[in-house]
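The values are calculated or read from the model by the stated rules, or taken from the named source; none is laboratory data. All values reported here derive from a predicted model rather than from experimental measurement. Cβ placement follows ideal geometry from the backbone for every residue including glycine, while neighbour counts extend to all protein chains displayed. Accessible surface is based on the protein model in full, side chains and every heavy atom, while ligands, DNA and RNA are left aside. Shrake-Rupley method; radii C 1.70, N 1.55, O 1.52, S 1.80 Å.
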Amino acid sequence: MKRNILLNPGPATTTDSVKEALLVPDICPREQEFGELTQAVLNKVVQVVNGESTHTAVIFTGSGTAGVEAALSSVVPPDGKILILDNGAYGKRAETIIQAYGIPYRTYRMVWGDYPDVDAVEAIFKEDGELTHFVFVHHETTTGMLNPLPELLELCRKYEVDSIVDAMSSYAGLPIDMRELPIDYLISSSNKCIQGMAGTSFVIANQEKLAKTAEIPPRNLYLNLWGNHSYIEKTGQFQFTPPVQIVYALNQALDEFFVETQAGRTARYVKSYETLLDGLEKAGLELLLPKSQHSKLLTAIVEPDSPGYDFMEMHDYFYENDITIYPGKGAKQDTFRVANIGEIDYRDMLLFNKLLLQYFEEKKIM
Ligand SMILES: Cc1ncc(COP(=O)(O)O)c(C=O)c1O
(Lines give C-alpha, C1' and ligand atoms only; values in the text may rest on other atoms or scores of the structure.)
Protein backbone atom coordinates (compact mmCIF):
# COMPACT_ATOMS: atom_id res chain seq x y z
CA MET A 1 0.00 0.00 0.00
CA LYS A 2 1.21 3.54 -0.74
CA ARG A 3 2.83 5.03 2.35
CA ASN A 4 2.07 8.64 3.25
CA ILE A 5 4.13 10.46 5.86
CA LEU A 6 1.65 12.33 8.01
CA LEU A 7 3.31 15.16 9.92
CA ASN A 8 -0.06 16.54 11.03
CA PRO A 9 -0.85 15.79 14.69
CA GLY A 10 -3.12 12.84 13.96
CA PRO A 11 -4.75 10.94 12.50
CA ALA A 12 -1.22 9.65 12.27
CA THR A 13 0.57 7.30 9.90
CA THR A 14 -0.29 3.69 10.79
CA THR A 15 1.39 0.35 10.14
CA ASP A 16 0.15 -1.85 7.30
CA SER A 17 -0.87 -4.42 9.94
CA VAL A 18 -3.18 -1.86 11.63
CA LYS A 19 -4.69 -1.03 8.23
CA GLU A 20 -5.11 -4.75 7.48
CA ALA A 21 -6.86 -5.27 10.84
CA LEU A 22 -9.76 -3.22 9.45
CA LEU A 23 -10.55 -6.03 7.04
CA VAL A 24 -12.46 -8.54 9.16
CA PRO A 25 -15.42 -10.80 8.45
CA ASP A 26 -18.72 -9.02 9.08
CA ILE A 27 -19.80 -9.47 12.67
CA CYS A 28 -22.74 -8.29 14.72
CA PRO A 29 -21.31 -6.24 17.60
CA ARG A 30 -23.88 -7.85 19.93
CA GLU A 31 -22.07 -11.20 19.58
CA GLN A 32 -20.05 -12.42 22.55
CA GLU A 33 -16.92 -12.50 20.36
CA PHE A 34 -17.10 -8.75 19.82
CA GLY A 35 -17.87 -8.17 23.51
CA GLU A 36 -14.68 -10.03 24.40
CA LEU A 37 -12.69 -7.93 21.94
CA THR A 38 -14.17 -4.74 23.45
CA GLN A 39 -13.25 -5.84 26.96
CA ALA A 40 -9.71 -6.72 25.86
CA VAL A 41 -9.33 -3.32 24.19
CA LEU A 42 -10.57 -1.47 27.28
CA ASN A 43 -8.14 -3.38 29.51
CA LYS A 44 -5.23 -2.64 27.18
CA VAL A 45 -6.17 1.06 26.97
CA VAL A 46 -5.84 1.25 30.77
CA GLN A 47 -2.66 -0.82 30.78
CA VAL A 48 -0.88 1.75 28.58
CA VAL A 49 -0.88 4.12 31.58
CA ASN A 50 -0.43 1.41 34.26
CA GLY A 51 -3.89 2.06 35.67
CA GLU A 52 -5.04 -1.57 36.02
CA SER A 53 -5.57 -1.51 39.77
CA THR A 54 -7.22 1.90 40.01
CA HIS A 55 -8.77 2.88 36.67
CA THR A 56 -11.26 1.72 34.09
CA ALA A 57 -11.81 2.86 30.49
CA VAL A 58 -15.05 4.03 28.91
CA ILE A 59 -15.02 4.09 25.11
CA PHE A 60 -17.09 6.26 22.76
CA THR A 61 -17.72 6.29 19.05
CA GLY A 62 -16.53 9.68 17.91
CA SER A 63 -13.42 11.78 17.58
CA GLY A 64 -11.36 12.97 20.56
CA THR A 65 -13.75 15.80 21.34
CA ALA A 66 -16.46 13.21 22.11
CA GLY A 67 -14.32 11.86 24.96
CA VAL A 68 -13.60 15.36 26.28
CA GLU A 69 -17.28 16.28 26.11
CA ALA A 70 -18.27 12.98 27.79
CA ALA A 71 -15.95 13.61 30.73
CA LEU A 72 -16.74 17.31 31.16
CA SER A 73 -20.51 16.87 30.90
CA SER A 74 -20.64 13.87 33.24
CA VAL A 75 -18.38 14.35 36.24
CA VAL A 76 -19.15 17.81 37.67
CA PRO A 77 -22.11 17.66 40.10
CA PRO A 78 -24.83 20.36 39.95
CA ASP A 79 -23.24 22.15 42.92
CA GLY A 80 -19.70 21.78 41.51
CA LYS A 81 -17.50 24.29 39.73
CA ILE A 82 -14.64 23.69 37.32
CA LEU A 83 -11.42 25.58 36.67
CA ILE A 84 -10.29 25.58 33.03
CA LEU A 85 -6.73 26.24 31.89
CA ASP A 86 -6.89 27.94 28.50
CA ASN A 87 -3.48 28.26 26.89
CA GLY A 88 -4.40 26.87 23.50
CA ALA A 89 -7.28 25.86 21.25
CA TYR A 90 -8.01 22.68 23.22
CA GLY A 91 -8.19 24.44 26.59
CA LYS A 92 -10.55 26.88 24.92
CA ARG A 93 -12.59 23.99 23.49
CA ALA A 94 -13.04 22.61 27.03
CA GLU A 95 -14.46 26.00 28.00
CA THR A 96 -16.85 25.96 25.02
CA ILE A 97 -18.14 22.53 26.09
CA ILE A 98 -18.59 23.63 29.71
CA GLN A 99 -20.49 26.72 28.55
CA ALA A 100 -22.76 24.64 26.32
CA TYR A 101 -23.79 22.53 29.33
CA GLY A 102 -24.23 25.55 31.61
CA ILE A 103 -21.79 24.16 34.19
CA PRO A 104 -20.36 26.74 36.66
CA TYR A 105 -16.72 27.49 35.78
CA ARG A 106 -13.90 29.96 35.79
CA THR A 107 -11.07 30.18 33.32
CA TYR A 108 -7.38 30.83 33.82
CA ARG A 109 -6.79 32.38 30.41
CA MET A 110 -3.41 32.89 28.84
CA VAL A 111 -1.97 33.99 25.54
CA TRP A 112 -1.66 30.83 23.41
CA GLY A 113 1.99 29.93 23.69
CA ASP A 114 2.56 31.25 27.22
CA TYR A 115 3.56 28.75 29.87
CA PRO A 116 1.18 28.28 32.82
CA ASP A 117 2.23 29.99 36.02
CA VAL A 118 1.61 27.31 38.68
CA ASP A 119 1.61 29.91 41.47
CA ALA A 120 -1.11 31.87 39.70
CA VAL A 121 -3.20 28.70 39.40
CA GLU A 122 -2.64 27.99 43.08
CA ALA A 123 -3.79 31.52 43.94
CA ILE A 124 -7.10 30.77 42.18
CA PHE A 125 -7.62 27.57 44.20
CA LYS A 126 -6.77 29.44 47.43
CA GLU A 127 -9.20 32.20 46.68
CA ASP A 128 -12.11 30.16 45.22
CA GLY A 129 -13.29 27.47 47.64
CA GLU A 130 -16.17 26.50 45.34
CA LEU A 131 -13.88 24.78 42.83
CA THR A 132 -14.35 21.01 42.67
CA HIS A 133 -12.70 20.11 39.33
CA PHE A 134 -9.77 21.24 37.17
CA VAL A 135 -9.45 20.55 33.44
CA PHE A 136 -6.26 21.10 31.50
CA VAL A 137 -4.52 19.80 28.42
CA HIS A 138 -1.34 17.77 28.84
CA HIS A 139 0.18 18.37 25.41
CA GLU A 140 -1.39 21.53 23.98
CA THR A 141 -1.30 20.58 20.31
CA THR A 142 -1.91 24.20 19.29
CA THR A 143 1.65 25.14 20.22
CA GLY A 144 3.47 21.87 20.97
CA MET A 145 3.68 22.86 24.63
CA LEU A 146 3.88 20.26 27.37
CA ASN A 147 1.95 21.75 30.26
CA PRO A 148 3.34 21.03 33.77
CA LEU A 149 1.33 17.89 34.55
CA PRO A 150 2.95 16.86 37.87
CA GLU A 151 2.75 20.38 39.32
CA LEU A 152 -0.88 20.89 38.27
CA LEU A 153 -1.84 17.45 39.65
CA GLU A 154 -0.15 18.34 42.93
CA LEU A 155 -2.45 21.37 43.18
CA CYS A 156 -5.45 19.09 42.62
CA ARG A 157 -4.28 16.87 45.47
CA LYS A 158 -3.60 19.83 47.78
CA TYR A 159 -6.93 21.55 47.14
CA GLU A 160 -8.92 18.29 46.87
CA VAL A 161 -10.27 18.87 43.38
CA ASP A 162 -10.71 16.17 40.73
CA SER A 163 -8.39 16.33 37.72
CA ILE A 164 -9.58 16.00 34.12
CA VAL A 165 -6.64 15.80 31.73
CA ASP A 166 -6.96 16.02 27.96
CA ALA A 167 -4.04 13.80 26.96
CA MET A 168 -5.29 13.45 23.39
CA SER A 169 -1.94 13.97 21.72
CA SER A 170 0.40 12.67 24.47
CA TYR A 171 -1.18 9.36 25.57
CA ALA A 172 1.08 6.48 24.41
CA GLY A 173 3.60 8.98 23.02
CA LEU A 174 4.97 10.08 26.37
CA PRO A 175 4.99 7.90 29.48
CA ILE A 176 2.08 8.60 31.82
CA ASP A 177 2.08 6.34 34.88
CA MET A 178 -1.15 6.45 36.89
CA ARG A 179 0.65 4.91 39.87
CA GLU A 180 2.83 8.02 40.11
CA LEU A 181 0.53 10.61 38.55
CA PRO A 182 -2.97 9.65 39.66
CA ILE A 183 -5.11 11.54 37.14
CA ASP A 184 -8.83 11.15 37.91
CA TYR A 185 -10.02 11.32 34.30
CA LEU A 186 -7.62 11.06 31.34
CA ILE A 187 -8.94 11.42 27.80
CA SER A 188 -7.44 10.31 24.51
CA SER A 189 -8.42 8.87 21.13
CA SER A 190 -7.52 5.97 18.88
CA ASN A 191 -5.78 7.90 16.13
CA LYS A 192 -2.83 9.77 17.60
CA CYS A 193 0.17 8.31 19.48
CA ILE A 194 -1.51 4.93 19.96
CA GLN A 195 -1.41 4.71 16.14
CA GLY A 196 -4.87 3.32 15.44
CA MET A 197 -7.62 4.66 13.20
CA ALA A 198 -9.89 7.64 13.86
CA GLY A 199 -13.34 6.84 15.21
CA THR A 200 -13.15 6.21 18.94
CA SER A 201 -12.16 8.18 22.01
CA PHE A 202 -11.91 6.99 25.56
CA VAL A 203 -11.93 8.28 29.11
CA ILE A 204 -9.67 6.44 31.57
CA ALA A 205 -11.40 7.07 34.87
CA ASN A 206 -10.50 6.43 38.48
CA GLN A 207 -12.94 3.68 39.48
CA GLU A 208 -13.98 5.22 42.81
CA LYS A 209 -14.44 8.70 41.37
CA LEU A 210 -16.41 7.32 38.43
CA ALA A 211 -18.73 5.35 40.74
CA LYS A 212 -19.60 8.59 42.56
CA THR A 213 -20.76 10.19 39.29
CA ALA A 214 -23.68 7.72 39.26
CA GLU A 215 -25.49 10.17 41.55
CA ILE A 216 -25.17 13.13 39.14
CA PRO A 217 -28.40 13.72 37.17
CA PRO A 218 -27.41 13.01 33.53
CA ARG A 219 -27.07 16.07 31.31
CA ASN A 220 -27.04 13.90 28.18
CA LEU A 221 -27.49 10.33 26.98
CA TYR A 222 -25.08 9.35 24.20
CA LEU A 223 -22.03 10.87 25.89
CA ASN A 224 -22.90 10.13 29.50
CA LEU A 225 -19.85 8.59 31.13
CA TRP A 226 -21.60 6.64 33.86
CA GLY A 227 -24.39 5.53 31.53
CA ASN A 228 -21.94 4.08 28.99
CA HIS A 229 -19.78 2.53 31.69
CA SER A 230 -22.60 0.85 33.58
CA TYR A 231 -24.08 -0.51 30.33
CA ILE A 232 -20.82 -2.10 29.26
CA GLU A 233 -20.25 -3.48 32.77
CA LYS A 234 -23.69 -5.10 32.75
CA THR A 235 -23.74 -6.43 29.20
CA GLY A 236 -20.12 -6.54 28.03
CA GLN A 237 -21.19 -4.49 25.00
CA PHE A 238 -21.03 -0.94 23.71
CA GLN A 239 -24.27 0.87 24.61
CA PHE A 240 -24.66 2.16 21.05
CA THR A 241 -23.50 0.75 17.71
CA PRO A 242 -19.69 0.72 17.77
CA PRO A 243 -17.37 1.37 14.81
CA VAL A 244 -16.63 -2.35 14.56
CA GLN A 245 -13.61 -2.30 12.25
CA ILE A 246 -12.00 0.66 14.07
CA VAL A 247 -12.11 -1.36 17.30
CA TYR A 248 -10.30 -4.28 15.60
CA ALA A 249 -7.65 -1.85 14.33
CA LEU A 250 -7.30 -0.30 17.80
CA ASN A 251 -6.76 -3.75 19.27
CA GLN A 252 -3.96 -4.37 16.77
CA ALA A 253 -2.44 -0.91 17.45
CA LEU A 254 -2.46 -1.61 21.19
CA ASP A 255 -0.71 -4.96 20.67
CA GLU A 256 1.92 -3.22 18.56
CA PHE A 257 2.37 -0.59 21.28
CA PHE A 258 3.14 -3.29 23.86
CA VAL A 259 5.66 -4.95 21.50
CA GLU A 260 7.44 -1.62 20.93
CA THR A 261 7.01 -0.65 24.63
CA GLN A 262 6.38 2.86 25.92
CA ALA A 263 10.12 3.47 26.27
CA GLY A 264 10.74 2.33 22.69
CA ARG A 265 7.96 4.47 21.25
CA THR A 266 9.04 7.58 23.14
CA ALA A 267 12.66 7.04 22.08
CA ARG A 268 11.62 6.70 18.41
CA TYR A 269 9.51 9.86 18.60
CA VAL A 270 12.26 11.82 20.38
CA LYS A 271 14.83 10.81 17.76
CA SER A 272 12.48 12.05 15.02
CA TYR A 273 11.99 15.32 16.92
CA GLU A 274 15.73 15.85 17.32
CA THR A 275 16.29 15.15 13.63
CA LEU A 276 13.55 17.62 12.76
CA LEU A 277 15.04 20.33 14.97
CA ASP A 278 18.37 19.89 13.29
CA GLY A 279 16.78 20.49 9.89
CA LEU A 280 14.77 23.50 11.08
CA GLU A 281 17.95 25.06 12.45
CA LYS A 282 19.78 24.50 9.15
CA ALA A 283 16.89 26.17 7.35
CA GLY A 284 17.23 29.15 9.72
CA LEU A 285 13.72 28.78 11.13
CA GLU A 286 12.60 30.15 14.49
CA LEU A 287 10.59 28.05 16.95
CA LEU A 288 7.51 29.38 18.77
CA LEU A 289 8.50 27.98 22.16
CA PRO A 290 11.71 27.59 24.13
CA LYS A 291 12.97 24.01 23.88
CA SER A 292 12.38 23.38 27.59
CA GLN A 293 8.62 23.63 26.95
CA HIS A 294 8.55 21.30 23.92
CA SER A 295 6.47 18.14 24.01
CA LYS A 296 8.87 16.62 21.44
CA LEU A 297 5.73 15.34 19.71
CA LEU A 298 4.86 18.44 17.68
CA THR A 299 6.81 21.59 16.90
CA ALA A 300 5.29 24.97 16.10
CA ILE A 301 7.53 26.91 13.72
CA VAL A 302 7.30 30.66 13.25
CA GLU A 303 6.33 31.43 9.65
CA PRO A 304 9.22 33.00 7.75
CA ASP A 305 8.83 36.70 6.97
CA SER A 306 9.79 36.34 3.34
CA PRO A 307 7.93 37.26 0.13
CA GLY A 308 8.66 33.76 -1.25
CA TYR A 309 6.81 32.04 1.61
CA ASP A 310 3.23 30.83 1.28
CA PHE A 311 2.06 28.04 3.59
CA MET A 312 -0.44 26.46 1.19
CA GLU A 313 2.10 26.44 -1.63
CA MET A 314 4.67 24.82 0.67
CA HIS A 315 2.01 22.34 1.86
CA ASP A 316 1.28 21.36 -1.74
CA TYR A 317 4.98 20.90 -2.49
CA PHE A 318 5.33 18.49 0.42
CA TYR A 319 2.03 16.80 -0.39
CA GLU A 320 3.28 15.99 -3.89
CA ASN A 321 6.15 14.24 -2.13
CA ASP A 322 3.75 12.19 0.06
CA ILE A 323 4.35 14.34 3.16
CA THR A 324 1.55 16.21 4.94
CA ILE A 325 2.39 19.29 7.02
CA TYR A 326 -0.02 21.31 9.13
CA PRO A 327 -0.98 25.00 9.45
CA GLY A 328 -0.92 26.99 12.70
CA LYS A 329 -3.94 27.40 14.97
CA GLY A 330 -4.04 30.86 16.50
CA ALA A 331 -0.86 30.91 18.62
CA LYS A 332 0.68 34.21 19.67
CA GLN A 333 2.82 34.25 16.52
CA ASP A 334 1.88 32.90 13.09
CA THR A 335 3.19 29.36 12.80
CA PHE A 336 3.05 26.17 10.83
CA ARG A 337 3.30 22.86 12.64
CA VAL A 338 5.16 19.60 12.17
CA ALA A 339 4.29 16.59 14.30
CA ASN A 340 6.48 13.52 14.65
CA ILE A 341 3.94 11.00 15.95
CA GLY A 342 2.67 7.84 14.26
CA GLU A 343 4.48 5.10 12.40
CA ILE A 344 7.31 7.27 11.13
CA ASP A 345 10.92 7.60 12.21
CA TYR A 346 13.98 9.82 11.91
CA ARG A 347 14.55 8.77 8.27
CA ASP A 348 11.24 10.37 7.34
CA MET A 349 12.38 13.52 9.12
CA LEU A 350 15.66 13.47 7.15
CA LEU A 351 13.57 13.40 3.96
CA PHE A 352 11.44 16.28 5.29
CA ASN A 353 14.61 18.28 6.10
CA LYS A 354 16.05 17.68 2.62
CA LEU A 355 12.84 18.77 0.88
CA LEU A 356 12.53 21.80 3.15
CA LEU A 357 16.00 23.04 2.26
CA GLN A 358 15.39 22.40 -1.44
CA TYR A 359 12.10 24.29 -1.30
CA PHE A 360 13.58 27.22 0.61
CA GLU A 361 16.43 27.50 -1.91
CA GLU A 362 14.02 27.34 -4.84
CA LYS A 363 11.76 30.03 -3.38
CA LYS A 364 14.63 32.11 -2.00
CA ILE A 365 13.21 31.98 1.52
CA MET A 366 15.47 33.06 4.40
C1 LIG B 1 -5.16 18.15 22.86
C2 LIG B 1 -6.32 17.87 21.98
N3 LIG B 1 -7.54 17.81 22.51
C4 LIG B 1 -8.63 17.56 21.77
C5 LIG B 1 -8.53 17.34 20.43
C6 LIG B 1 -9.77 17.09 19.62
O7 LIG B 1 -9.76 15.85 19.01
P8 LIG B 1 -10.66 15.60 17.71
O9 LIG B 1 -10.21 16.58 16.67
O10 LIG B 1 -10.29 14.18 17.37
O11 LIG B 1 -12.07 15.75 18.09
C12 LIG B 1 -7.28 17.39 19.81
C13 LIG B 1 -7.14 17.17 18.35
O14 LIG B 1 -6.10 17.35 17.78
C15 LIG B 1 -6.14 17.64 20.61
O16 LIG B 1 -4.92 17.70 20.07
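Can you tell me the accessible area per residue over region 22-259, all protein chains present, probe 1.4 angstrom, in square angstrom? Write out the running numbers ahead of the final one.
Working: 9280 Å² over 238 residues.
On a per-residue basis, region 22-259 sits at 39 Å².
Could you check the simple spin-label distance between LYS364 and SER17, using points 7 Å along Cα→Cβ, in nm with one decimal?
5.1 nm
Could you derive backbone 3J(HN,Hα) for region 292-307 from the dihedral phi with the Karplus parameters 6.51, -1.76 and 1.60 (θ = phi - 60°), listing whole Hz in sequence and x where the residue is Gly or Pro?
In residue order, the calculated couplings are 4, 9, 6, 6, 6, 10, 8, 10, 9, 10, 5, 5, x, 8, 9, x Hz.
State, as an integer percentage, the relative contact order of region 176-251 based on alpha-carbon contacts under 8 Å between residues 6 or more apart. Can you show the working numbers first?
Working: 62 pairs, mean separation 21.3, N = 76.
Value for region 176-251: 28 percent.
Cα centroids of region 30-57 and region 86-101: how far apart, whole angstrom?
Between the Cα centres of region 30-57 and region 86-101 lies a distance of 29 Å.
Relative to the longest principal Cα axis of the chain, at what angle does helix 262-282 sit, 0 to 90 degrees, rounded to 10?
Helix 262-282 sits roughly 30 degrees off the main axis of the chain.
Which of the residue pairs LYS192/LYS296; LYS282/LYS364; LYS291/LYS364; LYS92/LYS212; LYS81/LYS209 have a Cα-Cα distance greater than 18 Å in the structure shown?
On the way: LYS192/LYS296 14 Å; LYS282/LYS364 14 Å; LYS291/LYS364 27 Å; LYS92/LYS212 27 Å; LYS81/LYS209 16 Å.
Too far apart for the 18 Å limit: LYS291/LYS364; LYS92/LYS212.
For a label point 7 Å from the Cα of SER53 along Cα→C-beta, name the residues of region 241-271 whose backbone N is under 20 Å from it.
Taking a point 7 Å out along Cα→Cβ of SER53, no residue of region 241-271 has its backbone N under 20 Å.
Using the alpha-carbon centroid of each, what span in Å lies between region 343-366 and region 214-239?
48 Å
Could you check the spin-label model distance between ARG157 and PHE240? Points 7 Å from the Cα along Cα→Cβ, value in nm.
Label-label distance for ARG157 and PHE240, simple model: 3.7 nm.
Could you look at the chain and say what percent of its accessible area is carbon and sulfur, using a 1.4 Å probe and all protein chains? Kindly include the intermediate steps, with their values, before the conclusion.
Values: 7880 of 15320 Å².
Accessible surface attributable to carbon and sulfur in the chain totals 51 percent.
So if we plug the beta-carbon distance of ALA89 and GLN32 into 1/(1 + (r/R0)^6) with R0 = 41 Å, what FRET efficiency do we get, rounded to 0.05? Can you show the working numbers first?
Numbers: r = 42 Å, r/R0 = 1.01.
So the FRET efficiency works out to roughly 0.50.
In region 244-290, what GluC sites (Glu not before Pro) fall in a loop by DSSP, with at most 15 other Cβ atoms inside 10 Å?
Counting only loop positions with at most 15 other Cβ atoms within 10 Å, the GluC sites (Glu not before Pro) in region 244-290 are GLU286.
Of all beta bridges DSSP finds with both residues in the chain, what is the antiparallel percent, to the nearest 5?
Numbers: 23 of 42 bridges.
Bridges in the chain are about 55 percent antiparallel.
Give me the base-10 log of I(q)/I(0) for region 22-259 at each q in 0.09, 0.12, 0.15 Å⁻¹, Debye formula, one uniform scatterer per Cα, rounded to two decimals.
-0.35, -0.63, -0.98
Going from most exposed to least, what order do SER292, SER163 have by accessible area with a 1.4 Å probe?
On the way: SER292 110, SER163 0 Å².
Final ranking, largest accessible area leading: SER292, SER163.
Angle between the Cα long axis of helix 225-235 and the longest principal axis of the chain, 0 to 90 degrees, nearest 10?
Taking Cα atoms only, the helix is inclined about 70 degrees.
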